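A single structure is presented below for examination.
The values are calculated or read from the model by the stated rules, or taken from the named source; none is laboratory data. Computed from a predicted model, the values in this text were never measured in an experiment. Neighbour counts run over all protein chains shown; Cβ positions are idealised from the backbone, glycine included.
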Amino acid sequence: MTHHVAVIDIGKTNAKLVLVDRESLTEIVVITRPNTVLPGPPWPRFDVEGHWAFLLEGLRDFHAAHGIDAISITTHGACAALLDSSGYLAAPILDYEFAGPDESADDYNAIRPPFSETGSPRLAGGLNIGAQLFWQFQVDPDLKAKTDQIVTYPQFWGAKLTGNTAMDVTSLGCHTDLWNPHKGDFSSLVDRLGISDKLSPVRKPSEVLGPILPTIAEQTGLPPGTPVYCGIHDSNASLLPYVLSQTPPFSVVSTGTWVIAMSIGGNSVQLDPHLDTLINVTALGDPAPSARFMGGREHDLATGGTCPEPTPQDVRDVLTEGIMLMPAVVEDTGPFRGNPSGWEGLEPNVGTGTRVAAVAVYLALVTAECLSNIGHKDTIVVEGPFANNQLYLKMLAVAAASKVYRAAGSTGTSAGAAMLVTGKTDVLAAETLSLINPDIGESLEAYASHWRRTVQNRRRQQ
């Protein structure tokens with residue numbers, strides 16, 4: 001018997017296939033492809049056909065080289081697939097960044113439940129799945145009748161692998177407007193949309209959805225009985241290892257296209273949906289106060305995509321000369337949404353270490369604001385790409401006045417998704433985390449105070 005889990009990880013920027021060792025939860029092989037959005041008609045859509053070919057080829061190669069004995073799935077949220085009675089897509093899967101659903105915003109707002117019921121803030125475009133569905137059924141009046149089942153995105157891939165359909169609680173709890181996290185059941189919106197008979201069964205992420213279909217076994221060489229697990233929303237996959245292995249209170253910051261801060265056992269606070277806070281639902285079904293901003297996208301936009309490693313002099317220049325990036329680079333997300341971005345002090349040139357350093361401290365300061373808004377307490381674990389950014393981690397430790405640990409691994413979601421298979425709780429302990437020492441603490445603290453005052457002053461001037 002082999003000891004490897006293949007993790008399908010569909011992020012907003014990249015689609016990945018990761019081979020994870022079952023015992024150590026370490027990544028053995030990672031392959032990626034861009035998650036390029038295809039144009040309409042009828043609307044911008046995800047390239048599921050391209051992803052599918054990539055995944056099948058990767059599964060075949062992984063199994064031939066290493067062996068696979070289970071498959072787990074994790075994907076970004078804000079995504080639903082509408083399936084017809086034959087199990088095929090009744091319509092292309094909508095890209096949640098498309099502004100189309102805003103056309104019917106007033107009508108949708110009239111029927112959506114309040115934040116107090118769903119813990120789901122009203123978001124732009126298709127970031128609320130309820131808004132997606134409402135708009136899709138309006139622009140294609142025949143679509144609701146053609147839709148036999150609605151599945152959340154991890155389970156779309158699970159259905160392609162097994163033929164069985166489901167939804168999982170973490171994807172439903174990801175600002176869909178469809179879930180009531182306080183009751184652990186569907187919200188009142190389901191009946192208002194008239195889709196209660198079309199929603200697939202809700203299952204735990206750790207349940208086996210089924211074995212792979214015979215055709216999948218033929219195409220990949222995998223054993224016919226290879227189990228496929230139900231799957232999980234990516235931020236909750238990142239959270240799961242710590243929920244199972246760490247003692248509260250703590251927070252996890254999952255980084256990628258989105259930066260998601262999630263507080264476990266923190267201070268009780270009144271969440272403000274206008275600050276892009278929300279209630280996520282963990283793999284165990286528990287509510288988790290959360291906040292988010294599009295940090296990875298902001299990083300790419302602000303740096304221009306060219307990121308030389310900052311020198312110590314670059315960092316000193318940023319901290320001593322008041323070179324500051326103001327929020328919000330992506331204006332419709334995060335705790336500073338609606339605020340126009342800009343530079344204070346001399347704007348560094350694109351492609352310089354000074355600019356990269358200024359962006360790193362900016363991202364850390366916005367992250368700290370997110371954590372403050374959800375009642376963060378005690379330690380912080382950062383996973384994903386930002387866990388490799390030392391300046392980001394040091395500023396976060398200072399700005400949040402907390403111990404910050406970086407998680408090992410290049411794809412922070414893979415260990416959590418593999419944990420659905422293994423159920424192990426003793427692997428992700430201190431040896432996989434390293435404590436960040438903010439060795440330039442005084443300079444960072446002075447910069448953070450100056451940055452916050454400047455943000456407040458800019459707000460007053462608007």
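Within region 226-254, take every residue that is surrounded by fewer than 23 Cβ atoms within 10 Å (Cβ to Cβ) and hydroxyl-bearing (Ser, Thr, Tyr) and give me the one that is modelled with the highest pLDDT.
By that ranking, first place goes to Thr226.
Find the residue count for region 285-318, including only residues that are of a type in the set (Val, Ile, Thr) and crowded, with 23+ Cβ neighbours inside 10 Å.
Of the residues in that region, 2 qualify.
Checking Ser120 against (1) touching a helix residue (DSSP H, G or I) at 6+ places or on another chain (Cβ under 7 Å); (2) part of a loop (DSSP other than H, G, I, E, B), only one condition comes out false. Which one?
Of (1) touching a helix residue (DSSP H, G or I) at 6+ places or on another chain (Cβ under 7 Å); (2) part of a loop (DSSP other than H, G, I, E, B), only one is false for Ser120: (1).
Ok, one more. Of the residues that make up region 267-278, is at least one touching a Phe, Trp or Tyr at 6+ places or on another chain (Cβ under 6 Å) and of a type in the set (Ser, Thr, Tyr)?
To start, the set of residues in region 267-278 that are touching a Phe, Trp or Tyr at 6+ places or on another chain (Cβ under 6 Å) comprises 273.
So of that shortlist, the ones also of a type in the set (Ser, Thr, Tyr) come out as none.
No; the residues of region 267-278 include none that is touching a Phe, Trp or Tyr at 6+ places or on another chain (Cβ under 6 Å) and of a type in the set (Ser, Thr, Tyr).
Using beta carbons and a limit of 6 Å, which pairs, at least six apart or on different chains, have the first residue in region 257-272 and closer than 22 Å to Tyr96 by Cβ and the second one of a type outside the set (D, E, K, R) and part of a loop (DSSP other than H, G, I, E, B)?
Thr257/Thr13; Trp258/Met294
Could you list, in sequence order, all residues of region 176-229 that are under 26 Å from Ala70 (Cα atoms), free of Cβ contacts under 8 Å to residues at least 12 places away in the same chain and in contact with a strand residue (DSSP E or B) (Cβ under 9 Å, 6 or more places away or on another chain)?
Selection gives Ala217 alone.
So, Gly87, is that one buried (at least 23 other Cβ atoms within 10 Å of the Cβ), out of contact with any strand residue (DSSP E or B) (no Cβ under 6 Å at 6 or more places or on another chain), over 24 Å from Ser254 (Cα atoms) and touching a residue at least 60 places away in the same chain (Cβ under 8 Å) or not? Can you show your working first?
Working: buried (at least 23 other Cβ atoms within 10 Å of the Cβ): no; out of contact with any strand residue (DSSP E or B) (no Cβ under 6 Å at 6 or more places or on another chain): yes; over 24 Å from Ser254 (Cα atoms): yes; touching a residue at least 60 places away in the same chain (Cβ under 8 Å): yes.
Answer is no for this residue.
Which condition does Thr75 not pass, out of (1) crowded, with 23+ Cβ neighbours inside 10 Å; (2) among the polar types (S, T, N, Q); (3) closer than 19 Å to Phe186 by Cβ, if it passes all the others?
(3)
Here's something else I'd like to know. Anything in region 343-379 that is among the basic types (Lys, Arg) and closer than 15 Å to Pro327 by Cβ? List them, or say none.
Going residue by residue through region 343-379, those that are among the basic types (Lys, Arg) are 355, 377.
Within region 343-379, no residue meets the criteria.
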